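A.B. asks: Before anything else, here's the structure in question.
The values are calculated or read from the model by the stated rules, or taken from the named source; none is laboratory data. Since the model is a prediction, treat every value here as computed from it, not as a measurement. Please note: Cβ atoms are built from the backbone with ideal geometry, for glycine as well, and neighbour counts cover all protein chains shown. The accessibility values were calculated without ligands, DNA or RNA, using every heavy atom of the protein model including side chains. Shrake-Rupley method; radii C 1.70, N 1.55, O 1.52, S 1.80 Å.
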Amino acid sequence: MSRITAPALGRGSLLLLALATPSLAWAQVPPAASVAGPVASPANALQLTLSQAIRKALEQNPRVQQSLLAIAESGDDRRAAAAALMPTVAAQATGQRAKNNLDAFIGIPTPHGPEVVGPFNWGQVGVEAQVSLFDLSLWKKWRASQHAETSARAQGRAVREEITALVVGQYLRALRAAASVQAGESRVDLAEALAKLAESQQKQGVGTKLDTLRSQVQLQTERQRLIQAQTQQFTALAGLGRLLDLEPGTRLDLTDTLVAPALPGGSFQEAYQAGLGLRPELAALDAREKAAENLRQAAQGLRLPTLVATGAYSSTGLQSQPWATTYQVSLGLRVPLFTGGLVSSHISRARSEQVRIQEARRDVRAQVGFEIQVARAELEAAAHEVEVAGLAVTLSTEALTQARHRFEAGVSNNIEVINAQDELARANENQISALYRLNQSRADLARATGQLESLFAR
């Protein structure tokens, strides 16, 4: 399920409006209108579907931007580790004016020779290069940096899934509040019609003053419920705006409505295997474990010899004389003999990190299984609740119709009508809550299997 697109509570709302008065013309109530306050107009509001809200959050949320910075930094670390394996080439130019003690310079006295030469000018221009021919430690560190970048990307996906879950949850809460407002408005219309009926019955001598007072009290109760629902809608929309990083005070108009989604098929094992394969937390841990293994091997590589080649090519001479081309090539072998426990400490630290990651993976795998089990159970229960709640709305509506007819005929007072109104209000709220729980449990199952963004942001 990627969107919630069809009207959800039409049946209950229509029955409420039909009961209000036989000649009442129906008006379509717009879904999930935004409010600048509990009763503000939705003019010039920002219209959003669920998928649009998710995409906007993933583009603008600060935590997503921070995860992108972390990925970029891990890429810089990988390039820095690769640079250690590459040749380094530098150009150099030297100019010097010197006056030297010749005996001191050559290390022996020169009979009858000058003790001091100079001053004279000399220079050198050339390039020098160095490359590591064999250094297993540097190679393994580069491999570790690659896996660290992979882990950062997986952690970035985990952040996106978390932000998507927050947006979906807040969007659904706003839809639930909007449905409560719509149902509350219908109940207020019905209560007003019943209050007028009680007054008419009293004037005709069929009803009593007490019937009129009871209907007026019920009308005020429904108005109070409507105010509470409007306030909940306002706060839910404000919370959604905060998740989307919108300018405070931006009004939102949610164009989706609360309906029963298509339920996923498949067994628990299929969902569990999908979760193990798609959850970004597990992908991040796998990459971290590979990085730790490479770091352990890099630490062991510190005990091995390293082979480095260097070379220089230059032109040197006195300022006033022709310069001569010179070069130098060397091959160096370095064999570690004693490191003072540095290598063993690095190996021990890398092994500890591997054990820590393995324990974390066990915990996440168990958490994935638990989340899938709970989400599937809640999804199944919510689906049955929606069916039961829909039947309860139908029965409550019929009971209210019968009670109203009895009151109109003077067979009974309006106590039955008031009780039927309360029952219908509860049935409506139960239906709205059941639809909300069904959608939320569907989102929970998608997140447990690592598919939340792919299903809802399309």
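A.B. asks: Projected onto the charge dipole of the chain (+1 at Lys/Arg Cβ, -1 at Asp/Glu Cβ, origin at the Cα centre), which of 263, 107, 57 gives the Cα projection farthest towards the positive end?
C.D. replies: Most positive-ward Cα: 107.
A.B. asks: Could you tell me the distance between the Cα centroids of segment 189-246 and segment 424-458, to the nearest Å?
C.D. replies: 28 Å
A.B. asks: Further question on the same structure: Which whole-Hz ³J(HN,Hα) couplings does segment 313-320 yield from phi under the Karplus relation 6.51 cos²θ - 1.76 cosθ + 1.60, θ = phi - 60°, glycine and proline marked x?
C.D. replies: 9, 8, 10, 9, x, 6, 4, 9
A.B. asks: What is the chain's relative contact order, in percent, from Cα pairs under 8 angstrom and six or more apart in sequence?
C.D. replies: Details: 712 pairs, mean separation 120.4, N = 458.
Reported relative contact order: 26 percent.
A.B. asks: Would you compute, from DSSP H runs of 4+ residues alone, the mean residue ellipticity of the chain at 222 nm, taking -39500 (n - 2.57) per run and dividing by the full residue count, rounded to the nearest 500?
C.D. replies: Working: 11 runs with 291 residues, N = 458.
Only helices count here, giving -22500 deg cm²/dmol.
A.B. asks: Under 5 Å between amide H atoms, partner at least 5 residues away or on a different chain: which partners does residue 258 have, H built in plane at 1.01 Å?
C.D. replies: When sequence neighbours closer than 5 places are left aside, the close amide H contacts are 8.
A.B. asks: Decide, for segment 165-321, between rounded, prolate and oblate: order the square roots of the alpha carbon gyration tensor eigenvalues as a ≥ b ≥ c, take rounded if a/c falls under 1.5, and otherwise choose prolate if a/b is larger than b/c, else oblate.
C.D. replies: On the way: a/c = 6.28, a/b = 2.97, b/c = 2.11.
It comes out prolate by the Cα gyration axes.
A.B. asks: Would you indicate which of (1) 133; (2) 227; (3) 142 is the value of volume of the Cα convex hull per residue in Å³ derived from the coordinates of this structure?
C.D. replies: The calculated read-out lines up with (2).
A.B. asks: I've got another one for you. Any idea which of 443, 372, 355 is furthest toward the positive side of the dipole for segment 342-458, if Lys and Arg beta-carbons carry +1 and Asp and Glu beta-carbons -1?
C.D. replies: 355
A.B. asks: When a/c reaches 1.5 or more, the comparison of a/b and b/c decides; with that in mind, is segment 324-458 rounded, prolate or oblate per its Cα gyration tensor?
C.D. replies: Values: a/c = 6.58, a/b = 4.07, b/c = 1.62.
Here segment 324-458 falls in the prolate category.
A.B. asks: Treat every Asp and Glu Cβ in segment 163-305 as -1 and every Lys and Arg Cβ as +1, leave all other atoms uncharged, and give the resulting dipole magnitude about the Cα centre to the nearest 20 debye. Don't skip to the end; give the middle numbers.
C.D. replies: Numbers: 16 positive and 15 negative charges, 73 e Å.
My answer is approximately 340 debye.
A.B. asks: Would you please give the residues with an amide H less than 5 Å from that of residue 207, counting only those at least 5 places away or on a separate chain, with H modeled from the backbone geometry?
C.D. replies: 202
A.B. asks: Moving on to the next point. Using a 1.4 angstrom probe with every protein chain in place, what is the largest-first accessible-area order of 313, 171, 272, 327?
C.D. replies: Values: 313 130, 171 0, 272 45, 327 175 Å².
Order by accessible area, largest first: 327, 313, 272, 171.
A.B. asks: Can you tell me the order of 363-370, 210-217, 232-239, 330-337 when each peptide is scored by its average per-residue count of other Cβ atoms within 10 angstrom, highest first? List each step's numbers first, then the result.
C.D. replies: Working: 363-370: 14.9, 210-217: 18.0, 232-239: 20.6, 330-337: 9.5.
My ranking of the peptides, most packed first, is 232-239, 210-217, 363-370, 330-337.
A.B. asks: Work out the length of the dipole vector of the chain about its Cα centre, built from +1 on the beta-carbon of each Lys and Arg and -1 on the beta-carbon of each Asp and Glu, and round it to the nearest 20 debye. Mind showing how you got there, number by number?
C.D. replies: On the way: 46 positive and 42 negative charges, 152 e Å.
Rounded to the nearest 20 debye, it is 720 debye.
A.B. asks: Residue by residue, what Karplus-based ³J(HN,Hα) values in Hz, rounded to whole numbers, does segment 254-261 have, using 6.51, -1.76 and 1.60 with θ = phi - 60° and x for Gly and Pro?
C.D. replies: Ordered by residue, 3J(HN,Hα) equals 7, 8, 7, 10, 8, 9, 6, x Hz.
A.B. asks: Whole-Hz Karplus ³J(HN,Hα) for segment 323-338, in order, using 6.51 cos²θ - 1.76 cosθ + 1.60 and θ = phi - 60°, x for Gly and Pro?
C.D. replies: In residue order, the calculated couplings are 8, 10, 7, 10, 8, 8, 10, 9, 10, x, 10, 10, 10, x, 10, 8 Hz.
A.B. asks: By its C-alpha gyration tensor, with a ≥ b ≥ c as the square roots of the eigenvalues, how is segment 143-243 shaped: rounded for a/c under 1.5, else prolate for a/b larger than b/c, else oblate?
C.D. replies: Numbers: a/c = 7.90, a/b = 6.49, b/c = 1.22.
In terms of gyration-tensor shape, prolate.
A.B. asks: Report the full-extension gain for the segment residue 374 to residue 112: residue separation times 0.36 nm, less the Cα-Cα distance, to one decimal in nm.
C.D. replies: Numbers: separation 262, 0.36 × 262 = 94.32 nm, distance 10.12 nm.
Value of the extension gain: 84.2 nm.
A.B. asks: Give the carbon-plus-sulfur fraction of the accessible surface of the chain in %, rounded to a whole number; probe 1.4 Å, heavy atoms of protein chains only. Present the calculation step by step, with values, prior to reporting the outcome.
C.D. replies: Numbers: 13750 of 24660 Å².
Ligands and nucleic acids excluded, carbon and sulfur give 56 percent.
A.B. asks: For residue 315, list long-range residues whose amide hydrogen, built 1.01 Å from N in the peptide plane, is under 5 Å from its own amide hydrogen.
C.D. replies: Amide H neighbours of residue 315, under 5 Å, 5+ apart: 125, 126, 326.
A.B. asks: Let me ask something else. For segment 84-166, state which trypsin sites (Lys or Arg not before Pro) are in a DSSP loop and have at most 16 other beta carbons lying within 10 Å of their beta carbon.
C.D. replies: When the trypsin sites (Lys or Arg not before Pro) of segment 84-166 are filtered for loop state and at most 16 Cβ neighbours within 10 Å, nothing remains.
A.B. asks: Two decimals is fine: what's Rg over Rh for segment 110-169, C-alpha atoms, Kirkwood radius as Rh? Could the numbers behind the result be given before it?
C.D. replies: On the way: Rg = 30.3 Å, Rh = 18.5 Å.
When Rh is taken as the Kirkwood radius, the ratio is 1.64.
A.B. asks: Between 324, 306, 197, whose Cα lies farthest towards the positive end of the dipole of the chain when Lys and Arg beta carbons carry +1 and Asp and Glu beta carbons carry -1, centred on the Cα centre?
C.D. replies: Selected residue: 324.
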